[in-house]
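> Got a structure for you, questions after.
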Amino acid sequence: MSSVGSLRFAQVTPVGRSAIATLILVGDQAAEVVSSYFQPLGSKALTDYPLKRIVFGKWMHPDGTYEELVVSRVADHQLEIHCHGGMVAVEAVAASLVNSGAQQLNWKELDQLQFGAELPYWKQAEQLLPQTTTALSTRLVMEHAQGEVEQVLQQVAKLKEAGQTQEVRQILQPYEGASQRGRHLIEPWNVVIAGKPNAGKSSLMNQLVGYQRAIVNQQPGTTRDVLRAQTVIHGWPVEFVDTAGLRQGEDAIEVAGVEMAKGQLSQADLVLWIHDLTDPWEADRIEQIPHQQMLVIGNKADLTTEVPDWAQLVVSAQTSAGIDSLLELILKTLVPEFGNPDFKVLFSEAMEMKMISI
Ligand SMILES: Nc1nc2c(ncn2[C@@H]2O[C@H](COP(=O)(O)OP(=O)(O)O)[C@@H](O)[C@H]2O)c(=O)[nH]1
Ligand SMILES: [Mg+2]
């Protein structure tokens, strides 16, 4: 640690109301400064307690009022203060610390100070916690923030030393591509819905996200701009993009929409090409569609019993037949490894590079 000397602190719980607020204080004088405000409940002084012990007591204010809170010395020059989450309590404690010459930082700045420019992997994972939006992503990020990956690396180091390279391969293999998956637990997968006007793209998007958001109309070419809506499939955030029909319209607004759609297509993680089952199939049309991965879906299954060869799945955006299967197929295509017993994710590309190159 380079700059333990001066006293700094940060609130590491979200700013605003919460059940408990935690402040972390680092610096040579940390225990001394805290002791000047904090009276432990028993007869012992704060510094008489062993490290990591949780000490209950009163934080005295100059006017004789106090906060009841908990202090723990987590390391020689580092203390945690846990107080009631109301903003008044936190602000009062922060004001005392500032009065004693401590500098207030945000939690990222404090991490940087403690760990330097290169944050340890578990810490990088911890910093992602506020960005997780599903139970799955929170659970996986938590496991990594608690040092799961570091434990794996320790185990790998031991196996390597013992010459068990076969086992090492077996452990590390599931981490291939794991950072791309990890990224998409935080940022949604991007799935673009494309097809001719009137194929049922907007209706299908409504079904996929479960509410009326896109504009549905019987007039071909009604959706002129790109509409987005997010949903979650088995814990994975997915953003659908409803495009303007890929058709050379005479109308300038529609043409602009078509150009935008082509850009969206090439960048998408997955393109859903929707074709009306009652329309003749045009094989050459989809050959011109830029994409990384594509699923060809036949829509309006309620109007015909035909299941043509070109369709990977048939659905009805009207009756919602096949929508659940489509959601499953989308996830299976985006994350084929999900559900494997040795399924792994990583939350940094650098960590994946490191693990793959061992
Ligand atoms: N019968 C039937 N009609 C559908 C289905 N999906 C969409 N439609 C109708 O087809 C028309 C065009 O749908 P829309 O979603 O606006 O198509 P888009 O231009 O591709 O976005 C509307 O009248 C929809 O109600 C379906 O599965 N079955
Ligand atoms: Mg539409």
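The values are calculated or read from the model by the stated rules, or taken from the named source; none is laboratory data. All figures in this text were calculated on a predicted structure; none of them were measured in a lab. Every residue, glycine among them, receives a Cβ derived from its backbone with ideal geometry; neighbour counts consider all protein chains shown.
> Inside the stretch 82-108, can you point out the residues that are more than 15 Å from H61 (Cα to Cα) and touching a Phe, Trp or Tyr at 6+ places or on another chain (Cβ under 8 Å)? So that I can check it myself, show each step before the final result.
Start the filter on the stretch 82-108 by keeping residues that are more than 15 Å from H61 (Cα to Cα), which leaves 82, 84-87, 101-108.
A102, Q103, Q104, L105 - these are the residues of the stretch 82-108 that are more than 15 Å from H61 (Cα to Cα) and touching a Phe, Trp or Tyr at 6+ places or on another chain (Cβ under 8 Å).
> Taking W189 as meeting all but one of (1) modelled with pLDDT of 90 or more; (2) within 25 Å of P280 (Cα to Cα); (3) hydrophobic (A, V, I, L, M, F, W, C), write down the number of the exception.
All conditions are met except number (2).
> How do the strands (runs of 3 or more DSSP E) wholly within the stretch 1-81 filter down when requiring 1 or more residues that are at pLDDT below 95 and loosely packed, with under 14 Cβ neighbours inside 10 Å: which remain?
Answer list for the stretch 1-81: 20-26, 54-60, 66-75.
> Here is a further query. For S266, are the conditions met, namely being hydroxyl-bearing (S, T, Y) and surrounded by fewer than 16 Cβ atoms within 10 Å (Cβ to Cβ)?
yes
> Would you check which residues across the stretch 173-200 are out of contact with any Leu (no Cβ under 8 Å at 6 or more places or on another chain) and near ligand 1 (Cβ under 9 Å from one of its atoms) and list them?
Result: P197, N198, A199, G200.
> Could you give every pair whose Cβ atoms fall below 7 Å, whose first residue belongs to the stretch 304-329 and is in the same structural domain as E282 (by TED's automatic domain parsing), and whose second residue is of a type in the set (S, T, Y) and surrounded by 14 or more Cβ atoms within 10 Å (Cβ to Cβ), counting only separations of at least 6 or pairs across chains?
A317/S203; Q318/S203; G322/S316
> Could you tell me whether the stretch 56-65 includes any residue that is touching a residue at least 12 places away in the same chain (Cβ under 8 Å), at positive phi and charged (D, E, K, R)?
No, that holds for no residue.
> Among the residues of the stretch 290-300, what is the count of those that are crowded, with 17+ Cβ neighbours inside 10 Å and either in contact with a Leu (Cβ under 6 Å, 6 or more places away or on another chain) or not hydrophobic (A, V, I, L, M, F, W, C) (or both)? Full working, then the answer.
Pass one, the stretch 290-300, residues crowded, with 17+ Cβ neighbours inside 10 Å: 291, 294-300.
Adding the requirement that they be either in contact with a Leu (Cβ under 6 Å, 6 or more places away or on another chain) or not hydrophobic (A, V, I, L, M, F, W, C) (or both) leaves 291, 295, 297-300.
Looking only at that region, the number is 6.
> Within the group Q154, Q170, Q164, which residue is out of contact with any helix residue (DSSP H, G or I) (no Cβ under 8 Å at 6 or more places or on another chain), over 24 Å from S348 (Cβ atoms) and away from ligand 1 (no atom under 16 Å from the Cβ)? First the steps, then the outcome.
Values: Q154 fails: over 24 Å from S348 (Cβ atoms); Q170 fails: over 24 Å from S348 (Cβ atoms).
Q164 is the lone residue from the list that is out of contact with any helix residue (DSSP H, G or I) (no Cβ under 8 Å at 6 or more places or on another chain), over 24 Å from S348 (Cβ atoms) and away from ligand 1 (no atom under 16 Å from the Cβ).
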